[in-house]
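As structure tokens, the structure follows; a few thoughts come after it.
The numbers here are math on the coordinates, done by the rules we state, and not lab data. Since the structure is predicted, the reported quantities are computational estimates derived from the model, not experimental observations. Here the Cβ positions follow ideal geometry from the backbone for every residue, glycine too, while neighbour counts run over all protein chains shown.
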Amino acid sequence: MSKKTYYISTPIYYPSGQLHIGHSYTTVAADAMARYKRMRDYDVFFLTGMDEHGQKIQRTAEAAGVSPQAFVDAMAVDIKALWELLDVRYDGFIRTTDPHHVQAVQAIVQRLKDQDDIYEGSYEGLYCTPCEAFWTPSQAAEANNRCPDCGGPLEHTKEPSYFFRLSKYQDRLMELFKREVPFVLPASRANEMINNFLKPGLDDIAVTRTTFDWGIHVPFDPKHVIYVWIDALSNYITALGYPDEPALFDKFWPVDVHLIGKEIMRFHSLIWPALLMALDLPLPKRIFGHGWLLLKDGKMSKSKGNVVDPVLLVKRYGVDAIRYFLLREVPFGADGVFSNQALIERINSDLANDLGNLLSRTAAMMVKTFPEGLPEDRLTEDVDRELDQLADKTLEEVERRMEDLEFSLSLEAIWAQIGRCNKYIDVTMPWVLAKNEEDHPRLAAVLYTLADNLRRIAVMISPFMTSTPVLIRGQLGIPETDEFTAWESAGQAGLYQGNPQVKKGSPLFPRIDVEKELAALEELLS
């Protein structure tokens, strides 16, 4: 039998400047979900990439004295290096300058024109070049006639354009939002789309530009370039070979979830499904708009220049610490505030104190008391079985939360299990049992229970943290085989081998002096 499939995507990022920690947030979340599904034996396709066309790219390249293509080629190298640094394992990386994508978008536009879903007209309105976004006068007025996103100046623009008949799909879109299985999550995002756009009524949208030429040219009117609504959004199907290389498309479409930031929800939940309706293609199963990572003074933005560099953080604290923080600190879907202090305190409390100490205490006691390995003569009690049963429930909770993209709550459940293991040490007092040889069968059972729970925890954290599970297994002498790394193994107690080569090893996450580190960071970033 063929495997079940799972297709997840991030937005394709606009490479007008270096990506920041907010972009990493989305991509690491998608990577965690893709890893989880692979561990559940799904055939996964995880897509990310770059949206490389537009006026801002053209102006930025000109200012740098290079061609737009040379500019985006260099950015592609940097962005792929960032994902490699963050241990992101994607299956597809699309660029909107890819020849197949260009040809596919032109074919889509031609079809829409042939069936009268596109018509010629003229656009006049307000435009933010840094954000590549049009704004209505009322939206601009609410933001003091500045860009509602970045706060920058708006340009008045008037130009010939082709329009997509978005209003034609008003009723079908409303039905989509009212279906029993939610199309958009969280529910607050769906309500925004209904109340702010669907109920007032949708206007047709301009889908071509003539004031710049860095883009895909309209096949039937080359003076026009195809604007982002069709160019960028179509990547989710062109990356699968649509329309002329359908093997991957037939296998993976429709997408299981488009993972996006909430600021682009309108484009993905209204314009994109309307385009798919026009093309008579299946619609995405789910669109999830997560919140923003904010700074204490507001939104993080390349346009504002107030971004946090993920490369600096990874090099200073390690990739697993950053991946853990991004997915644990903020409930996925809500806004959250990023701060260096919160990051350091999370590393100290959760990673160094809770997980790191649990492993080091367990390994140290095993090496000291049973250097030849745990004996077969072990005296098991109810408290041991209760900890194992809690691990069973933890796994069920993690699986339930992951299906709903509740990464923070998944990690919260795992760390509750870690906390219970540390409490178990306090209750069983293995250091006391070690003093008397007649208590060693009981001590062996306690240490076995701890090691076996750590084995299971290592599996459960694997979607989130990519190197730490390997280090845990290495210290406990657990081989890197499917028997001990597959997701199913987390659901089975008693797989730990009693006579492994255990070693103390270095601390997983050394404690950080908060005050000194914050001072060092301030100097580094100044």
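Straight-line reach from Lys368: taking Cα to Cα under 20 Å and skipping same-chain neighbours fewer than 8 places apart, the lysines in range are Lys435, Lys503, Lys504.
Less than 5 angstrom separates the built amide H of Val184 from those of Ile287, all sequence-distant by 5 or more or on a different chain. Considering only His258, Leu395, Ser122, the residue lying farthest towards the positive end of the dipole of the chain is Ser122, judged by Cα position with unit charges set on Cβ. In the stretch 315-383, a dipole from Cβ-located charges (positive for Lys and Arg, negative for Asp and Glu) runs towards its positive end, and of Val337, Ala363, Ser349 it is Val337 whose Cα lies farthest in that direction. For the listed residue pairs Lys158/Lys262; Lys37/Lys168; Lys199/Lys285; Lys3/Lys262, the alpha carbons are over 30 angstrom apart in Lys37/Lys168; Lys3/Lys262.
The modelled label-to-label distance for the pair Asp116/Asp482, using points 7 Å beyond Cα in the direction of Cβ, is 5.7 nm. Of all beta bridges that DSSP places with both ends in the stretch 5-319, some 50 percent have antiparallel geometry. Simple spin-label estimate for Asp73 and Asp41 gives 4.6 nm between the two label positions (7 Å along the Cα-to-Cβ direction from each Cα). When each of Val72, Val514 is scored by the number of other beta-carbon atoms lying within 10 Å, the sequence from fewest to most is Val514, Val72.
Scoring 379-388, 195-204 by mean Cβ neighbours within 10 Å over their residues and listing the highest first yields 379-388, 195-204. Once the chain from Lys80 to Glu438 is taken as fully extended at 0.36 nm per residue, the excess over their C-alpha distance is 123.1 nm. Membrane-span-like helices in the chain (whole DSSP H runs, Cα extent of at least 20 Å along the helix axis, mean Kyte-Doolittle hydropathy of at least -1.0): 21-39, 68-85, 99-114, 407-428, 440-460. With both residues required to sit in the chain, DSSP beta bridges show an antiparallel share near 50%. Going by neighbour counts of Cβ atoms within 10 Å, the residues Glu522, Glu397 line up, fewest first, as Glu522, Glu397. The dipole here belongs to the chain: it is taken about the Cα centre, uses +1 on the Cβ of Lys and Arg and -1 on the Cβ of Asp and Glu, and is about 380 debye. Taking all Cα pairs closer than 8 Å and separated by 6 or more residues, the relative contact order of the chain comes to 15 percent. Summing Cβ point charges (Lys, Arg +1; Asp, Glu -1) relative to the Cα centre of the stretch 5-319 gives a dipole of roughly 1000 debye.
Projecting the Cα atoms of Ser408, Leu173, Cys150 onto the dipole axis of the chain, where Lys and Arg carry +1 and Asp and Glu carry -1 at the beta carbon, places Cys150 farthest toward the positive end.
With helices as the sole contributors, the chain gives -13500 deg cm²/dmol at 222 nm; each DSSP H run of n ≥ 4 counts as -39500 (n - 2.57), and the sum is divided by every residue. The relative contact order of the stretch 5-319 comes to 23 percent, based on Cα pairs under 8 Å that sit 6 or more residues apart. If I take R0 = 30 Å and measure r between the Cβ atoms of Ser467 and Lys423 in this structure, what FRET efficiency does the formula 1/(1 + (r/R0)^6) give, to the nearest 0.05? Rounded to the nearest 0.05, the efficiency is 0.65. Cα centroids of the stretch 136-184 and the stretch 1-42: 26 Å apart. How charged is the neighbourhood of Ser234? Take every other residue with its Cβ under 12 Å from the Cβ of Ser234, and add Lys/Arg as +1 and Asp/Glu as -1. Every neighbour counted, the sum reads -2.
A straight Cα-to-Cα reach below 13 Å connects Lys80 with the aspartates and glutamates Asp91, residues fewer than 8 places away in its own chain not being considered.
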